[in-house]
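Here the structure is laid out as C-alpha cells; the discussion comes afterwards.
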Amino acid sequence: MRMKEICLCLLLLPVGGFASGKRSAAVPPPSRIAFGSCIHQDRTHQILDPVLEAAPELFIFLGDNIYGDTHDMQVMRDKYGKLAASPQFSALKKSTPLLAIWDDHDYGINDAGREYTQREASQKEFQDFWEIPAGKASRKNPGIYREVMYGPPGQRLQVLLLDTRYFRSSLGPLVSDWRKQKRPGPYQRVTDPGATVLGEAQWEWLEDRLKQPADLRIIASSIQVLPEEHFWEGWANMPAERLRLMELLEGGEEPVIFLSGDRHMGEISRMPADDLSGPGREIWEVTSSGLTQAGGGYGEPNKFRVGMKEAYRKRNAGWLFIDWDAGKRPDVRMELRDFDGKLVGEADYVTP
C-alpha cells in the first residue's frame, strides 16, 4: 500500500488542538497518522513543514517534546512556551489533532524514573500544556497514561498512551567502561523481581484496555519495546517486564503496532509470530527519533529490524497509512521520512 493509494479526502476528525479523550464511534478513524519525538524547543522545526504539507489526520508526539531537564517548574513552563511559539508547531496544532506522551527530558531529568522528586508538578505542566481536560480520570490519577478510541465497529482504532517514567523503578548502576567493551549502551539488565516499567496500577489498566475490542491497536511507548540487543534505555532493560507485555499481547488477530522515540534515530522492527519470545502473532514497532535531535544507533544491531539495513541516524518523522477497507482487518504501511519528507524506511503490515 503506497501513500497515493490512500484516500486523501479529509476525514471528519476535529481540526486543530489536542485529541483529549475517547472519540464518538460515529467519527471515522484516521488513515494518515504522523508521529515523532525528541524536538528541542530552542532549535528550528522545519522538519514539520513536509509533515504539514502531507496533511496528517493525527500527530502523536512520543516524548522529549521539550528538553526541560529541571526541578524548577517555571523553567519547565517557559520551555513549553518556546515550543508553543514555534511557527511549525503552532501550525500543526491548528490543523491537526495532537496526542502526546512524555519521555525523560520533558518528564524532568535524563533517564529518570519514579525517583524524580517533581513528578507530580511535572505531570501538571504536561497536562496543562497538552490541554488534558480537568474532568478526565487520566488528569486526576498519577501518571499520564490514557486511551483514545476512534471509529465504528469494523474500523475501531485504539491508541494506548503509556507512561514509562512516573512509576519506573531504578535501572541500576551504569557500566563505566562500556565504550572500551564496544558495548552498545551503558545499562545492565535489571533482574530484581520487583523492578517495574509501568507500575501495578498502570499494568492493571493496560490489561483491561487490551481486552476491549479493536481492529487496530497502536501503543505509544517513549522507549523502545522490541529491540533487545542494545543497552540504552528500553523495555529490554527489564526482561521480566518486557515478557509480561508480550504475554498480554498473546492471541488475537488485530494488528499491534508500537510507536517509540528516545533513541535519536529511526528504525522499523518486526517480531515474527514464531519468535520464541514473541506473543504468537507478529508485532511491529516504528521508532522515530528525532525531529531535531539525531545521531544515535551507530552500528547498532537489531535482529528485528526490517525495511532498512541500518538505523537511520538523521532527523526523521514517522508515518502510518491505514487502509481500513482492506478486508477483515486493516492493512498498514509504516514509513520513516527524512528532513525533506523523502522516504528512508518502509514496511507493510498486510492483513493475513
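Taking the conditions exactly as written (touching a helix residue (DSSP H, G or I) at 6+ places or on another chain (Cβ under 7 Å), surrounded by 20 or more Cβ atoms within 10 Å (Cβ to Cβ) and under 24 Å from Arg168 (Cα atoms)), does Leu245 satisfy them or not?
On the way: touching a helix residue (DSSP H, G or I) at 6+ places or on another chain (Cβ under 7 Å): yes; surrounded by 20 or more Cβ atoms within 10 Å (Cβ to Cβ): yes; under 24 Å from Arg168 (Cα atoms): yes.
When the stated conditions are applied, Leu245 passes them.
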In the range 308-352, anything closer than 18 Å to Gln155 by Cα and polar (S, T, N, Q) is listed as Thr351
Scanning the range 186-229 for residues that are more than 18 Å from the chain's Cα centre (by Cα) and acidic (Asp, Glu), the one nearest to Gly290 (Cα to Cα) turns out to be Glu229
Out of the residues in the range 179-221 that are under 17 Å from Gly143 (Cα atoms), touching a helix residue (DSSP H, G or I) at 6+ places or on another chain (Cβ under 8 Å) and of a type outside the set (A, V, I, L, M), which is surrounded by the fewest Cβ atoms within 10 Å (Cβ to Cβ)? Glu207
Pairs, first exposed (fewer than 11 other Cβ atoms within 10 Å of the Cβ) and of a type in the set (Lys, Arg) in the range 127-145, second modelled with pLDDT under 95 and outside any loop (DSSP other than H, G, I, E, B), C-beta under 8 Å, six or more apart: none
Ser269 passes all but one of the listed conditions (1) hydroxyl-bearing (Ser, Thr, Tyr); (2) more than 28 Å from Asp192 (Cα to Cα); (3) in contact with a Pro (Cβ under 7 Å, 6 or more places away or on another chain); the exception is number (2)
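State yes or no: is Ala326 under 19 Å from Leu249 (Cα atoms), aliphatic (A, V, I, L, M) and surrounded by fewer than 19 Cβ atoms within 10 Å (Cβ to Cβ)?
Numbers: under 19 Å from Leu249 (Cα atoms): no; aliphatic (A, V, I, L, M): yes; surrounded by fewer than 19 Cβ atoms within 10 Å (Cβ to Cβ): yes.
No: the conditions fail for Ala326.
Among the listed residues Ala195, Ala214, Ala201, identify the single one that is assigned to a helix (DSSP H, G or I), over 25 Å from Gln181 (Cα atoms) and modelled with pLDDT of 95 or more.
Working: Ala195 fails: assigned to a helix (DSSP H, G or I); Ala214 fails: assigned to a helix (DSSP H, G or I).
Of Ala195, Ala214, Ala201, the one residue that is assigned to a helix (DSSP H, G or I), over 25 Å from Gln181 (Cα atoms) and modelled with pLDDT of 95 or more is Ala201.
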Go through the range 67-82 and report how many residues are part of a loop (DSSP other than H, G, I, E, B) and either of a type in the set (S, T, N, Q) or crowded, with 24+ Cβ neighbours inside 10 Å (or both). 2
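Return the residue satisfying two criteria in turn: it lies in the range 273-325 and is charged (D, E, K, R) and more than 24 Å from Asp215 (Cα to Cα), and of such residues it is modelled with the lowest pLDDT.
Per the criteria, the residue is Lys309.
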The residue from Ala214, Ala294, Ala317, Ala220 that alone is in contact with a His (Cβ under 7 Å, 6 or more places away or on another chain), within 30 Å of Phe89 (Cβ to Cβ), hydrophobic (A, V, I, L, M, F, W, C) and in contact (Cβ under 8 Å) with a residue 12 or more places away in the chain is Ala294
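The values are calculated or read from the model by the stated rules, or taken from the named source; none is laboratory data. Treat the numbers as computed from the prediction; the structure is a model and nothing was measured. Virtual Cβ from ideal backbone geometry, glycine too; neighbours counted across all protein chains shown.
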